[in-house]
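Scroll down for the structure; my scribbles are underneath it.
The values are calculated or read from the model by the stated rules, or taken from the named source; none is laboratory data. Since the model is a prediction, treat every value here as computed from it, not as a measurement. With ideal geometry, Cβ positions are generated from the backbone for all residues, glycine too; neighbour counts draw on all protein chains shown.
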Amino acid sequence: MSHSPLPETERTRHRRLREQGSRDRAQLDAILAAGFVCHLGVVVDGCPMVVPTVYGADGTNLYFHGSVASRSLVASPDALVCVTVTHVDGLVLSRSVFEHGVNYRSAMVYGVPRLVTDPAEKLAGLRLLTEQSAPGQWDYARRPDRKELAATALLALPLDEASVKIRVGPPDDGDGPDAGLDVWAGVLPMSAVFGEPEADPALREGIALPAHIAARRG
Ligand SMILES: Cc1cc2nc3c(=O)[nH]c(=O)nc-3n(C[C@H](O)[C@H](O)[C@H](O)COP(=O)(O)OP(=O)(O)OC[C@H]3O[C@@H](n4cnc5c(N)ncnc54)[C@H](O)[C@@H]3O)c2cc1C
């Protein structure tokens, strides 16, 4: 894991809303650690595809997986991809709709993913990916067998070329001409939380909810 600032490349140079941009690698790591769904953008046969997919990140690579038959994953092995991760923290309701916005933390990562073929790295990457969304499940549930591993493609995208943008705080029009309007303005905070676990109707009797899943509700 590197602690140097995120290098600015021609692709990752913030242009618009630059004040929301950051080169802080710790913020990139925090944004990636706070989620488990990314959007993978790739051009396949000349057509852009943006594929939502789960991921795991370890500060050096972002791992994502899918079927070996997946076009977005393996059809263009040398293709440049752009992966985004977004967290919405609130709606920014300004006095004018033009100034409405979103409080957010987002990351974009560019690179050419590497197909992971080393069996140890593949298993470690799949573990990371599983544990990022469902901590404790790797040691609790059945792990992939040889056939399942063969059917799964795992890709590693280096976190070398990445950018971060973060918006926090109230609306921007509190000191402008619209501040005189009789319109409520402020932030409507938003967060994603897990609900009450719902047992599979087919679950055999006597199987208790494990603590690592129970702990995540709310
Ligand atoms: C939930 C959400 C809603 C948004 N809604 C709007 C909206 O309605 N209108 C609007 O103008 N903008 C919105 N933004 C901001 C938007 O994502 C872009 O940052 C902004 O529009 C600048 O776009 P651009 O094409 O000019 O990018 P540029 O500034 O040209 O992008 C240059 C480089 O900056 C980096 N970059 C740009 N945007 C981001 C980002 N969001 N996260 C990480 N790195 C980034 C990338 O590396 C990119 O290649 C929203 C962001 C989020 C997360």
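Criterion first (away from the ligand (no atom under 13 Å from the Cβ), under 30 Å from PRO210 (Cβ atoms), at pLDDT below 95 and not hydroxyl-bearing (Ser, Thr, Tyr)) does ALA150 satisfy it? I'd like the intermediate steps shown before the answer.
Values: away from the ligand (no atom under 13 Å from the Cβ): yes; under 30 Å from PRO210 (Cβ atoms): yes; at pLDDT below 95: yes; not hydroxyl-bearing (Ser, Thr, Tyr): yes.
Against the criterion (away from the ligand (no atom under 13 Å from the Cβ), under 30 Å from PRO210 (Cβ atoms), at pLDDT below 95 and not hydroxyl-bearing (Ser, Thr, Tyr)), ALA150 qualifies.
Given the options ARG16, ARG11, ARG105, name the one that is within 30 Å of PRO171 (Cβ to Cβ) and not in a strand (DSSP E or B). Steps first, please.
Values: ARG11 fails: within 30 Å of PRO171 (Cβ to Cβ); ARG105 fails: not in a strand (DSSP E or B).
Residue meeting the stated conditions: ARG16.
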Verdict on ASP178 being farther than 30 Å from ASP58 by Cα and assigned to a loop (DSSP other than H, G, I, E, B): no
Failed condition for HIS14, given (1) free of Cβ contacts under 8 Å to residues at least 60 places away in the same chain; (2) of a type outside the set (S, T, N, Q); (3) within 16 Å of the ligand (Cβ to nearest atom); (4) surrounded by fewer than 17 Cβ atoms within 10 Å (Cβ to Cβ): (1)
Of all residues making up region 19-40, the number that are away from the ligand (no atom under 14 Å from the Cβ), touching a strand residue (DSSP E or B) at 6+ places or on another chain (Cβ under 6 Å) and either closer than 24 Å to ASN103 by Cβ or assigned to a loop (DSSP other than H, G, I, E, B) (or both): 1
Candidates VAL112, VAL116, VAL193 - the one that is more than 14 Å from the ligand (Cβ to nearest atom), closer than 18 Å to LEU73 by Cβ and surrounded by fewer than 19 Cβ atoms within 10 Å (Cβ to Cβ): VAL112
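Residues to consider are VAL92, VAL54, VAL43; find the one that is touching a residue at least 60 places away in the same chain (Cβ under 8 Å), within 16 Å of the ligand (Cβ to nearest atom) and either of a type in the set (Val, Ile, Thr) or at positive phi (or both). Outline the logic, then answer.
Values: VAL54 fails: within 16 Å of the ligand (Cβ to nearest atom); VAL43 fails: touching a residue at least 60 places away in the same chain (Cβ under 8 Å).
After ruling out the rest, the residue left standing is VAL92.
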Criterion violated by ASP160 - all others in (1) crowded, with 16+ Cβ neighbours inside 10 Å; (2) closer than 22 Å to LEU32 by Cα; (3) of a type outside the set (A, V, I, L, M) satisfied: (1)
Test result for LEU6, assigned to a loop (DSSP other than H, G, I, E, B), modelled with pLDDT of 90 or more and more than 18 Å from LEU126 (Cβ to Cβ): yes
Condition check for PRO48: touching a Gly at 6+ places or on another chain (Cβ under 7 Å) and either farther than 30 Å from GLY180 by Cβ or surrounded by 17 or more Cβ atoms within 10 Å (Cβ to Cβ) (or both): yes
Flag for SER106 being polar (S, T, N, Q), over 26 Å from ARG216 (Cβ atoms) and within 16 Å of the ligand (Cβ to nearest atom): no
